[in-house]
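Novice: Okay, here's the structure, questions in a sec.
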Amino acid sequence: MGKDYHLKHTGADLLSKTINFLRFPLIVGVVFIHTDFSHIVLAGVKQIDFVNFPIFTSVFFLFSKIIFEVCVPLFYFISGFLFFYRTEGFSIQIYFKKLKDRFRSLFIPYIFWNFVVLLFFFLAQAFFAGSLISGVNKPIVDYSVMDWIWSFWDTSKVNPHLEKTLPANSPFWFIRDLMVVVVFSPLLYWLVKKLGVFVLALLGLLWLYNPYFYLPGISTVSFFFFTAGAYFSIYKKDFVLLMKPLLPWAAGLFVFIVAAEFYFFGERCWSYLYCASVMVGLLFSIALSARFIEKGYWQPNSFLAEGSFFIFAYHRLPLVFVIKFLFYIIRPQSEVSFLLLYIACPAAVITLGLLGYRVLKNMLPRFTAIICGGR
């Protein structure tokens, strides 16, 4: 583990394949995280009381609240690694070139997809007020200039009753926080070069102390995991070659921590178990993917990897409507029906997303590339 593994041709090939392979399952995990039935209300009636469905509740908690929680930190880790990948030094010229690249890959899609959501709500408020729309939020037609600006950053400034500080397209808090970290990348580079693993320890302790710390644009999870990925890239260490041999150890420990999270749910120590499961889950995900790719059992699919960003960008609103529609049609009342819906809802949204991406890419390839950040 202490050996300095420098990137080699074969190692770089496995590294690239592992990163590309992970993109799609990580996005699937994000969609499952957002597949939450707890706030589904039809005709004024809440559709599920989790206490009455312990099997479904356990499955939902296992995947959406534990296993898939590794997805966002792992995305930040990969983003940090790729940001500094094959970068010799970090001059002002390199910094501005990277900012220009991220303007295309992050900022333009960020503006577009948040605007799409705002446009949808504007049309819904205009034509479906009282039925599709609750009427709780401020009408977009009444937005001031500052309301519009805040909607792209923190909608709670427009609608104070909202508890979370999210942009209009809520999953894009990830992109928002990533853009902030990118702006601070020269500082992070300097700290990693001067302090090495000590800066990771410091940021890791901050994340461990408060893993749920989110100010609009500033989060402990984004800074810690982006910097962790950057560390491997700056010191030219292939994290896949380092983590792959640890698969048996990581698998056993991950199962043990997940079981402990179930047992100690609601206890004060749960937050630390959560952090441990994310860290070990990240290691396990990378090691498992690399091992199976190396043996030829898994291979990255270029279409799924390319379409992952489109699914991430579009999925939130369709997922809400698919959940409500299927609840209205099926009227679930059993463990089996809830479990089937838990699989069917994200599966339908992901399938529709891939079909939509295929159609757009074939009909409007340049436009699709722009709204997906060149992916």
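Novice: Using only Cα atoms and rounding to the nearest 10 degrees, what angle (0 to 90) does helix 54-64 make with the longest principal axis of the chain?
Specialist: 50
Novice: Which of 260, 159, 25 sits closest to the plus end of the dipole of the chain, meaning its Cα is farthest towards the positive end, when Lys and Arg get +1 and Asp and Glu get -1 on the C-beta?
Specialist: 25
Novice: Name the lysines eligible as straight-distance cross-link partners of residue 157: C-alpha to C-alpha under 23 Å, and not fewer than 8 places from it in the same chain.
Specialist: Partners found: 138.
Novice: In addition: Where in the stretch 259-336 are there GluC sites (Glu not before Pro) that are in a DSSP coil and have at most 12 other Cβ atoms within 10 angstrom of their Cβ?
Specialist: Working: sites: 261, 267, 294, 306, 335; in loops: 267.
Those satisfying the criteria are 267.
Novice: How high is the relative contact order of the chain, given as a whole-number percent (alpha carbon pairs under 8 Å, six or more residues apart)? Numbers along the way, then the final one.
Specialist: Details: 419 pairs, mean separation 109.2, N = 375.
Worked out over the chain, it gives 29 percent.
Novice: Here's another thing I want to ask about it. For helix 9-33, what angle does its Cα long axis make with the longest principal axis of the chain, in degrees from 0 to 90 and rounded to 10?
Specialist: 20
Novice: What FRET efficiency would be calculated for the residue pair residue 366, residue 88, taking the C-beta separation as r and a Förster radius of 35 Å, to the nearest 0.05? The partial results should precede the final answer.
Specialist: On the way: r = 32 Å, r/R0 = 0.92.
In this case the efficiency is close to 0.60.
Novice: Keeping all protein chains in place, calculate the accessible area per residue for the chain (probe 1.4 angstrom), answer in Å².
Specialist: Details: 19200 Å² over 375 residues.
Result: 51 Å² of accessible area for each residue.
Novice: Only loop residues by DSSP count here, and only those with at most 10 other Cβ atoms within 10 Å; note down the trypsin sites (Lys or Arg not before Pro) in the stretch 218-303 that meet that. Before the final figure, lay out each step's value.
Specialist: Working: sites: 236, 237, 268, 291, 295; in loops: 236, 237, 268, 295.
In loop regions of the stretch 218-303 (DSSP not H, G, I, E or B), the sparsely surrounded trypsin sites (Lys or Arg not before Pro) are 268, 295.
Novice: If you don't mind, another one. Between 78, 111, 330, find the one with the highest GNM mean-square fluctuation for the chain; connect C-alpha pairs within less than 10 Å.
Specialist: 330
Novice: Evaluate the distance, in nm, between pseudo-label points positioned 7 Å from the Cα of residue 12 and of residue 145 along their respective Cα→Cβ axes.
Specialist: Spacing of the two 7 Å Cα→Cβ label points: 4.9 nm.
Novice: With r defined as the distance between the Cβ atoms of residue 212 and residue 39 and R0 fixed at 22 Å, what FRET efficiency is calculated, to the nearest 0.05?
Specialist: Plugging the Cβ-Cβ distance into 1/(1 + (r/R0)^6) gives 0.70.
Novice: Among 124, 347, 250, which one moves the most in a GNM of the chain with springs linking Cα atoms closer than 10 Å?
Specialist: 124
Novice: What residues of the stretch 55-69 lie in the reach of a label at residue 335, counting those whose backbone N is under 17 Å from a point 7 Å from the Cα along Cα→Cβ?
Specialist: The answer is 55-63, whose backbone nitrogens lie closer than 17 Å to the label point.
Novice: Sticking with this structure for a sec: Could you work out which residue, out of 168, 290, 260, moves most in a Gaussian network model of the chain, that is, has the largest mean-square fluctuation with Cα springs under 10 Å?
Specialist: Judging by the Gaussian network model, the answer is 260.
Novice: If the chain between residue 249 and residue 272 were fully stretched, how many nm would it gain, using 0.36 nm times the residue separation less the Cα-Cα distance? Don't skip to the end; give the middle numbers.
Specialist: Numbers: separation 23, 0.36 × 23 = 8.28 nm, distance 1.95 nm.
Full extension from residue 249 to residue 272 adds 6.3 nm.
Novice: Roughly how tilted is helix 71-83, in degrees to the nearest 10 and between 0 and 90, from the longest Cα axis of the chain?
Specialist: Roughly 50 degrees, rounded to the nearest 10.
Novice: Here's a follow-up. Sort the stretch 197-279 into rounded, prolate or oblate with this rule: let a ≥ b ≥ c be the square roots of the eigenvalues of the Cα gyration tensor; rounded if a/c is under 1.5, and if a/c is not under 1.5, prolate when a/b is larger than b/c, oblate otherwise. Don't jump to the answer; show the numbers that get you there.
Specialist: Numbers: a/c = 2.74, a/b = 1.13, b/c = 2.43.
Because a/c hits 1.5 or more and a/b fails to exceed b/c, the stretch 197-279 counts as oblate.
Novice: Another question about this same structure. Per the helix-only calculation at 222 nm, which mean residue ellipticity applies to the chain, given -39500 (n - 2.57) for every DSSP H run of n ≥ 4 and division by its residues, nearest 500 deg cm²/dmol?
Specialist: Dividing the helical sum by the residues of the chain leaves -21500 deg cm²/dmol.
Novice: Once the piece of chain linking residue 123 and residue 62 is laid out straight, how much longer is it, given 0.36 nm per residue of separation minus the C-alpha distance between them? Walk me through the intermediate numbers first.
Specialist: On the way: separation 61, 0.36 × 61 = 21.96 nm, distance 3.72 nm.
Gain in length upon complete extension: 18.2 nm.
Novice: Let me cross-check residue 176: its accessible surface, 1.4 Å probe, with only protein heavy atoms counted, in Å² to the nearest 10?
Specialist: Counting only protein heavy atoms, the figure is 0 Å².
Novice: Taking 7 Å along the Cα-to-C-beta vector as the label spot, tell me the residue 321-residue 161 distance in nanometres, rounded to one decimal.
Specialist: Roughly 2.3 nm, to one decimal.
Novice: Sticking with this one: The chain: longest stretch without exposed chymotrypsin sites (Phe, Trp or Tyr not before Pro) (DSSP loop, at most 10 other Cβ within 10 Å), sites themselves excluded? Mind showing how you got there, number by number?
Specialist: Numbers: sites that count: 128, 212, 297.
Between the exposed loop sites, the longest stretch runs 1-127.
Novice: Same structure, new question: Based on alpha-carbon positions alone, could you give the equivalent ellipsoid semi-axes of the chain from the gyration tensor, as √(5λ), descending, whole Å?
Specialist: 34, 26, 21
Novice: With each label point set 7 Å from Cα along the Cα-Cβ vector, what nm distance links residue 198 and residue 344?
Specialist: Rounded to a tenth, the inter-label distance reads 5.8 nm.
Novice: Right, something else. Based on alpha-carbon positions alone, could you give the equivalent ellipsoid semi-axes of the stretch 264-313 from the gyration tensor, as √(5λ), descending, whole Å? Before the final figure, lay out each step's value.
Specialist: Working: eigenvalues 185, 63, 8 Å².
Value: 30, 18, 6 Å, ordered largest first.
Novice: Length gain on complete extension for the stretch residue 111 to residue 183, per 0.36 nm per residue less the alpha carbon to alpha carbon distance?
Specialist: On the way: separation 72, 0.36 × 72 = 25.92 nm, distance 1.71 nm.
Difference between extended and current length: 24.2 nm.
Novice: Show me, bin by bin at 10 Å from 0, the whole-percent P(r) of the stretch 241-368 based on Cα pairs.
Specialist: 11, 22, 29, 30, 7, 0
Novice: Positive end of the charge dipole of the stretch 102-218 (Lys, Arg +1 and Asp, Glu -1 on Cβ, about the Cα centre): tell me which of 127, 146, 213 has its Cα farthest that way.
Specialist: Result: 213.
The values are calculated or read from the model by the stated rules, or taken from the named source; none is laboratory data. Worth saying up front: this structure is predicted, and the values here are computed from it rather than measured. We place every Cβ from the backbone using ideal geometry, glycine too, and count neighbours over all the protein chains shown. All accessible areas refer to the heavy atoms of the entire protein, side chains included, with ligands and DNA or RNA removed. Shrake-Rupley method; radii C 1.70, N 1.55, O 1.52, S 1.80 Å.
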